[in-house]
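Following: one structure in structure tokens, then a few remarks.
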Amino acid sequence: MTKSNLTLAEKVWNDHVVVKGENGAPDLLFIDLHLIHEVTSPQAFDGLRLAGRPVRRPDLTIATEDHNTPTIDINKPIADPTSRTQIEALRHNAKEFGIRIHSLGDIEQGIVHVVGPQLGLTMPGITVVCGDSHTSTHGAFGALAIGIGTSEVEHVLATQTLPLKPFKTMAINVDGKLRAGVTSKDIILAVIAKIGTGGGQGYVLEYRGSAIRDLSMEARMTICNMSIEAGARAGMVAPDQITYDYLKGRVHAPTGSNWDEAVKYWDSLATDKDAVFDEEVFLDANTLDPFVTWGTNPGQGVSLNDVVPSPDSFTDPNDKAAAVRALEYMDLVAGTKMKDIKVDTVFLGSCTNSRIEDLRAAAAILKGKTKAANIRMLVVPGSARVRLEAEHEGLDKIFLDFGAEWRFAGCSMCLGMNPDQLAPGERAASTSNRNFEGRQGKGARTHLVSPLVAAATAIRGTLSAPADLEEN
Amino acid sequence: MEKFTTFSGIAVPLQRSNVDTDQIIPAVYLKRITKTGFEDALFASWRNDPEFILNDPVYKHASVLVAGPDFGTGSSREHAVWALRDYGFKAVLSSKFADIFKGNSGKQGLIAGEITDEDTQKLWDAILANPGVEISIDLVQRTATLGDLSVEFSIDEYTRWRLLEGLDDIGLTLRDESSITDFEARRPNWMPKTLPALGAK
């Protein structure tokens, strides 16, 4: 079993094969952790009921409410009846099938991809699934974490396994040192701009190199989170001391001899020296600028110091047509400086950038500053616990003094399933992950940015980097 | 699941790349807890535009979608497949599908057939030259045929077998239940457990 030319992803995969697929059949993989939320699970539970099947491993399953939850007045009944029904269905299903649930008002409630790591349930070397494409977030720990559809949710509930086709491996090598004001969000936006929204299709990405090693766990989560935006099946970072330090002491992290045994195993997971990736991509961290999107897919991004590109600059006819369409939807003219783009709303939140470090980084810039008059700013912590932690540190006061709204935890304006939406034509600088047409509200225009760019933009009213503040 | 072998229906050209699942079905329609009845939600935002191709009466009853590359990117919502299926689509042809969308299609008996960019263009040209024309999808031969034009599509061999046989994935997996039980007995102790809940009360 001790081959010495395997990648991290291959090692985790191999250690979870229940039945090896033959004659083109997929491998059957065991799933160590199944995260559930209200949107993609009701039909799966219905399927179980119809077939008379139980949940095989409630002890490996956990539910929380995030997509539909309001971020104000959470002590009142949810106003939208369809949102309320969906959340009530999750509560009912959790009770009926014996699944632990963290409901609105609970300290562990929040965005499912913030909750798993915060509880210490997400660990290196495990398989994680969730009926949500941003499950890739958990790969930051060296877990193989895959977003799945509702039929697969039902499959995992019933069998705790998933038939999966083999994948290819891609190394994303990021070496060098990030300059001040440049973050992991900028790395991943630059990667997606480089390889495209379909560039990772069929691959598990492994983020490697000195710039990745230097990142905190939360910054690594931001990168892995957006692997799906490059079309990848998963994104991973090999575990190291930073991973262990983050995990140790969390309520569900192993303790005592289990911890020692786990670390010994986790230390063996790093990609072998002789392993060969199917594809390699290189990015220089030293020269990276803050990155922002100008279009309607996450691959349509440029340096914040750049201009809105001309459709003629694209050689691929599909890219060119997509650019024409995107500029029209975004109401942008090629050649406009990105920094001249005026925004209406700044959203700091989502499973990409709503953790305590994101809030701290933004608050450090906003402290003592005044909000641009034209701006509305929403700060939505990733979980109730993050909100509480921020309040302990006085961050809520900084946001409120600045003129931002301090909200309760959830997915919120990332996709606007709750009332937090943009109006038609409204333009946002958003720390979320998707700038699709209508994603944040019908007719809404989204620029994806880092928390630092979000904060600087809220001060200046136009897309800005923290460095631009010093010039004033 | 019903067995799928061959099918003929009206083809519609969707000449766009990066058709993400937020476009196929906007998030507002994901609040339903049923698994059917999503036909009204399909391309809901684009269908407000009278110029949108599905609003052309010729394509109203289309059942084969021929789309640009990177179809089904973004959110994992299986609702995207349900909406296509409920509208009446039996197959989508594109040069590139997002992985999760492709997987979801296979579970619901929607054919996601991969064709070359060149063949995509040929099909678009042929359909636009003869709007309302029928296309035949043959899962046995893996061909899409429109008049004299026949193109090959690729689909994962296992998914194809399952669709041809009409087999349910969970039923297939449960044939291996003893292997799952054996595997569970071998799992190390440090692995995460959600129950009992620890920490905050």
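The values are calculated or read from the model by the stated rules, or taken from the named source; none is laboratory data. In this text the structure is predicted, and so the values were computed from the model without any measurement. Positions of Cβ are backbone-derived with ideal geometry, glycine not excepted, and every protein chain shown enters the neighbour counts. To get the accessible areas, we keep the full protein, side chains included, count just its heavy atoms, and leave off ligands, DNA and RNA. Shrake-Rupley method; radii C 1.70, N 1.55, O 1.52, S 1.80 Å.
Counting only other chains, what is the mean number of Cβ atoms within 10 angstrom of the Cβ of each residue in peptide B:94-101?
Values: counts 0, 2, 7, 3, 8, 15, 12, 2.
If you average over the peptide's residues, the count of other-chain Cβ atoms is 6.
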Estimated inter-spin distance, A:Lys76 and B:Ser154, nm [label 7 Å along Cα→Cβ]: 5.6 nm
Averaged over A:431-439, number of beta-carbon atoms from partner chains that fall within 10 Å: 4
Accessible area buried, both sides summed, chains B and A with 1.4 Å probe, Å²: 5900 Å²
Ranked by how many other beta carbons lie within 10 Å on average, peptides A:332-338, B:84-90 from highest: B:84-90, A:332-338
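Give the percent of DSSP beta bridges with both residues in chain A that are antiparallel, rounded to the nearest 5. Walk me through the numbers before you get to the answer.
On the way: 13 of 54 bridges.
So the antiparallel bridges amount to about 25 percent of the total.
With the full set of protein chains in place, find how many percent of the accessible area of region B:47-104 is carbon and sulfur; take the probe as 1.4 Å.
Values: 870 of 1770 Å².
Solvent-exposed carbon and sulfur of region B:47-104 make up 49 percent of the total.
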Fraction of antiparallel bridges per DSSP, region B:59-201 only, in percent to nearest 5: 50 percent
Protection proxy ranking, peptides B:103-114, A:34-45, average beta carbon neighbours within 10 Å, highest first: A:34-45, B:103-114
Accessible-area ranking of A:His392, A:His447, A:His92, largest first, probe 1.4 Å: A:His392, A:His92, A:His447
Alpha carbon centroid spacing (whole Å) that separates region B:147-173 from region A:55-75: 35 Å
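Under a 1.4 angstrom probe, counting protein chains only, how are A:Lys185, A:Lys194 ranked by accessible area, largest first? Walk me through the numbers before you get to the answer.
Working: A:Lys185 0, A:Lys194 120 Å².
Most to least solvent-accessible, the answer reads A:Lys194, A:Lys185.
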Fraction in percent of alpha-carbon pairs per bin - 10 Å, region A:243-344: 12, 26, 18, 17, 19, 8, 0
Prolate/oblate/rounded label for region A:343-471 (Cα gyration tensor, a/c 1.5): oblate
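Just the ratio, please: alpha-carbon radius of gyration of chain A over 2.2 N^0.38 Å, N its number of residues.
Details: Rg = 21.5 Å, N = 472, 2.2 N^0.38 = 22.8 Å.
Taking the Cα Rg and dividing by 2.2 N^0.38 Å, one obtains 0.94.
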Residues of the protein assembly as shown: accessible area per residue with a 1.4 Å probe, Å²: 36 Å²
Geometric extent, Cα atoms of region A:1-98 - Rg, Dmax (angstrom): 18.8, 57
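For region B:99-145, count the residues as N, evaluate 2.2 N^0.38 Å, and divide the Cα radius of gyration by that value, please.
Values: Rg = 12.4 Å, N = 47, 2.2 N^0.38 = 9.5 Å.
Taking the Cα Rg and dividing by 2.2 N^0.38 Å, one obtains 1.31.
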Over region B:8-112, equivalent-ellipsoid semi-axes from the Cα gyration tensor in Å: 18, 16, 14
Calculated Rg and Dmax of region A:197-256 using C-alpha coordinates, Å: 13.3, 44
Exposure of A:Val307 as accessible area (Å², to 10), given a probe of 1.4 Å and all protein chains: 50 Å²
Percent accessible area from carbon and sulfur atoms, chain A, protein chains only, probe 1.4 Å: 51 percent
Chain A, relative contact order [Cα under 8 Å, separation at least 6], %: 17 percent
P(r) of region A:410-452 over all Cα-Cα pairs, binned every 10 Å from zero, in whole percent: 35, 58, 7
Cα-centred dipole magnitude for the protein assembly as shown, charges only on beta-carbon of K, R (+1) and D, E (-1), debye, nearest 20: 1400 debye
Debye equation applied to the C-alpha atoms of region A:334-390, log10 I(q)/I(0) at 0.12, 0.16 Å⁻¹: -0.36, -0.60
P(r) histogram, all alpha-carbon pairs of region A:56-176 included - 5 Å bins from 0, percent: 2, 10, 17, 22, 20, 13, 8, 5, 3, 1, 0
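Which whole number gives the average count of other chain Cβ atoms within 10 Å of the Cβ atoms across peptide A:57-64?
Details: counts 5, 2, 5, 7, 2, 5, 1, 0.
Partner Cβ neighbours, averaged per residue: 3.
For region A:126-264, what is the convex hull volume of the alpha-carbon atoms per residue, in Å³? Walk me through the intermediate numbers first.
On the way: hull volume 17.5 nm³, N = 139.
Looking at region A:126-264, the number lands at 126 Å³ per residue.
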Segment A:Ile107-A:Glu88, length gained on full extension (0.36 nm per residue, minus Cα span): 5.0 nm
Kirkwood hydrodynamic radius (C-alpha pairs) into Stokes-Einstein, region B:103-201, 10 °C and 1.306 mPa s, D in µm²/s: 90 µm²/s
Threshold 40 Å² - residues in region A:317-356 whose accessible area is reduced by that much or more when the chain is no longer isolated, probe 1.4 Å: A:Asn318, A:Arg325
A:Gln241 versus A:Lys95: modelled label distance in nm, points set 7 Å from Cα along the beta carbon direction: 4.9 nm
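Could you state the orientation-averaged shadow area of the convex hull built on the Cα atoms of chain B, in nm² to one decimal?
Details: hull surface 59.2 nm².
Result: a mean projected hull area of 14.8 nm².
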